[in-house]
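This report concerns only the one structure given below.
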């Protein structure tokens with residue numbers, strides 16, 4: 001394999017060295033894996049991830065709307081219950 005000189009900053013080198021140690025690889029192997037991963041990712045990965053996030057967001061929005069309707073129902077039910085208790089309390093005092 002031909003050698004190539006690559007300049008990386010200190011943080012990148014530290015992170016790659018830590019990953020190499022955790023994975024039982026040499027620094028060079030870990031750097032090669034990182035480059036392979038970069039090359040495998042589609043150039044449109046941002047668009048794909050955005051589309052996935054949008055599709056996952058739709059059920060969350062529906063669940064949020066249902067929860068808001070449920071909370072409104074419970075709030076109205078509690079108001080009616082409180083009104084009935086006040087009425088009973090007023091009637092028993094009379």
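Consider residue 28 carefully, then state whether it is in contact with a helix residue (DSSP H, G or I) (Cβ under 7 Å, 6 or more places away or on another chain) and at negative phi.
Answer is no for this residue.
When every residue of the stretch 68-91 is checked against the conditions, none turns out to be outside the structural domain of residue 16 (by TED's automatic domain parsing), in a loop (DSSP other than H, G, I, E, B) and loosely packed, with under 10 Cβ neighbours inside 10 Å. Would it be correct to say that residue 30 is part of a helix (DSSP H, G or I) and surrounded by fewer than 10 Cβ atoms within 10 Å (Cβ to Cβ)? Taking the combined requirement at face value, the residue does not satisfy it. Residues in the stretch 34-53: is at least one at pLDDT 90 or above, in a helix (DSSP H, G or I) and over 25 Å from the mean Cα position of the chain (by Cα)? Yes, the stretch 34-53 contains at least one residue that is at pLDDT 90 or above, in a helix (DSSP H, G or I) and over 25 Å from the mean Cα position of the chain (by Cα).
The values are calculated or read from the model by the stated rules, or taken from the named source; none is laboratory data. All values reported here derive from a predicted model rather than from experimental measurement. Positions of Cβ are backbone-derived with ideal geometry, glycine not excepted, and every protein chain shown enters the neighbour counts.
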